[in-house]
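Participant: My questions all concern the structure below.
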Amino acid sequence: MLFAVLAIVRFTTWRALTFDLGWYSQALWIIGHGHLTARASLIGVVPLAQAESYVLYPLALLYRVAGVPGILTLQAACLASGVLPLSRFVARRGVPSYLGVFLAVAYLGYPATAGTNLFDFHPDVLVVPIFFWALQAIEEQRWGLYIAMAALAPLVKNDLAAVTIVMALPLLYKRQWGLAALTAGWGGLILVLDLHVVGPHFTRTITDWGEYSYLGGSPHQALLTLFTHPLLIWAKVTRPRGLQYLAVLLIPLLVWPVLRGLGSGVVWPAFSLMGLNLLSVDASSRVDPYFYFTVAAVPFLFWAVAEWLPKRVSPRLATAVFVLVTGLSVTTGVTVRKAFYWPAHPPVAALNLAAAKIPPTAALYGTNVTLPPLVNRTQAYEVSAPQNLAKPLPHAWLLLTTWNAPWQINEGSLVHYALTDPVWTVRFHQGNVWLFQAKG
């Protein structure tokens, strides 16, 4: 409930971002209104072509009924649901129940968990309960449940299809040869479908491949480059951003329990995803331990910690370790990312007044800050430079704010351009909020 309330308050107080919550909202709105293969104007591609996320289609049904609060509540529920299989696993192993409580709280305060919840919406979160229950099914040898979870995981996003392939390793450790082959085969089949059929059909390119283009023009060329130049991996891991990424993720888990998970195979899927993030270009937000790119690794990391928890331990020692682990997770996130996730004093009242004047079906231009609550329309466009405003659609609206958000471009130049260009007319102005309309 806390996760959901925080996410919804962040959205309703204009702290959300266009490229994440905004574009997913528009994509779900478009699909929910029957335009299954229409382009989303905010990114200019068919929603399915954005990382081949097939789960957008059932999510669109929820969005049509419950809107943004619905998907943010679902995201919070998916993230919080990891507590259930973790607690069940701890109880099954005979570990003291208070250690299970400690582990659950540490999980909820973990940078990639809490950070993902506050960073708008991403369908990646749906894989968190899927991976947790897949691990639970392996532990309890409930193979029907495992097959169902493994079948769903690659459908969430294309990089999670790759992680599904690596999920075969824990099964190999348990000598489940057939299930391991089935898992790797299914993940590989969906990945090939994503990269060579669905994506190219809509966009003719691989989504976000620019982050890895230094390795080659395709995944195959990238693998060949890494095979012939293995020190590239070491160079990416040991760069400052890479070391910081690993430190923030592993130190709160005391490092050793995670490394110990290599012996059971349980952390190999996590390391595969973390490795994919580490190999991205230097400026990539993938190498940020608080972003959603890492959330799919969290179930495997915490499962390794649950495997490590001792059955007999001094309560005082356990409490001290818990305070250390949770403290490192929460305080690091609060001190490092607070201004980004929860910037202070947005002009909520003025933005709400301006938004109320915009017709619900009109074409709308705006920025990373001003568009998220208003994208349920076919024509919404993010502008980042004055030249984007030179030839607007007839009667289009433009909402700008010069409020100094941490992620914001200098919107003063946009306001100045709109004020001096005769195409745009001021319709509302209060404080640092400006609303313009284009001439017909």
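Participant: Need one word for segment 264-351: rounded, prolate or oblate. Basis is the Cα gyration tensor (sqrt eigenvalues a ≥ b ≥ c); a/c below 1.5 gives rounded, then a/b vs b/c decides.
Facilitator: Cα axes put segment 264-351 in the oblate bin.
Participant: Can I ask one more? Long-range amide H contacts for R427: which residues qualify at under 5 Å (H placed 1.01 Å from N, peptide plane, sequence gap of 5 or more or a different chain)?
Facilitator: HN-HN under 5 Å from R427: L435, F436, Q437.
Participant: Right, another one. What does the accessible area per residue of the chain come to in Å², with a 1.4 Å probe and no ligands, DNA or RNA counted?
Facilitator: 42 Å²
Participant: Restricting to DSSP H runs of at least four residues, report the calculated mean residue ellipticity at 222 nm for the chain, -39500 (n - 2.57) per run over all residues, nearest 500 deg cm²/dmol.
Facilitator: When only DSSP H runs of four or more count, the value is -16500 deg cm²/dmol.
Participant: Would you give the gap between the C-alpha center of segment 227-242 and the C-alpha center of segment 124-162, rounded to a whole Å?
Facilitator: Computed from Cα coordinates, the inter-centre distance equals 29 Å.
Participant: Turning to a different aspect of this structure: Apply the membrane-span-like helix rule to the chain: whole DSSP H runs, Cα extent along the own long axis of at least 30 Å, mean Kyte-Doolittle hydropathy at least -0.5. List the helices found.
Facilitator: 315-341
Participant: Classify segment 355-397 as rounded, prolate or oblate from the Cα gyration tensor: take a ≥ b ≥ c as the square roots of its eigenvalues, call it rounded if a/c is under 1.5, otherwise prolate when a/b beats b/c and oblate if not.
Facilitator: Oblate is the answer for segment 355-397, as a/c is 1.5 or above yet b/c matches or exceeds a/b.
Participant: For segment 1-45, take N as its residue count and report Rg(C-alpha) divided by 2.2 N^0.38 Å.
Facilitator: Relative to the 2.2 N^0.38 Å estimate, segment 1-45 comes out at 1.36.
Participant: Then there's this: Which percent of the accessible area of segment 1-120 is formed by carbon and sulfur heavy atoms (probe 1.4 angstrom)?
Facilitator: Within segment 1-120, the accessible surface is 73 percent carbon and sulfur.
Participant: Rank V298, V255, V369 by mean-square fluctuation in a GNM of the chain with C-alpha springs under 10 angstrom and give only the top-ranked residue.
Facilitator: V255
The values are calculated or read from the model by the stated rules, or taken from the named source; none is laboratory data. Here the structure is a predicted model, which is why all the values come from computation and not from measurement. Keep in mind that these areas ignore ligands, DNA and RNA; they rest on the heavy atoms of the full protein, side chains included. Shrake-Rupley method; radii C 1.70, N 1.55, O 1.52, S 1.80 Å.
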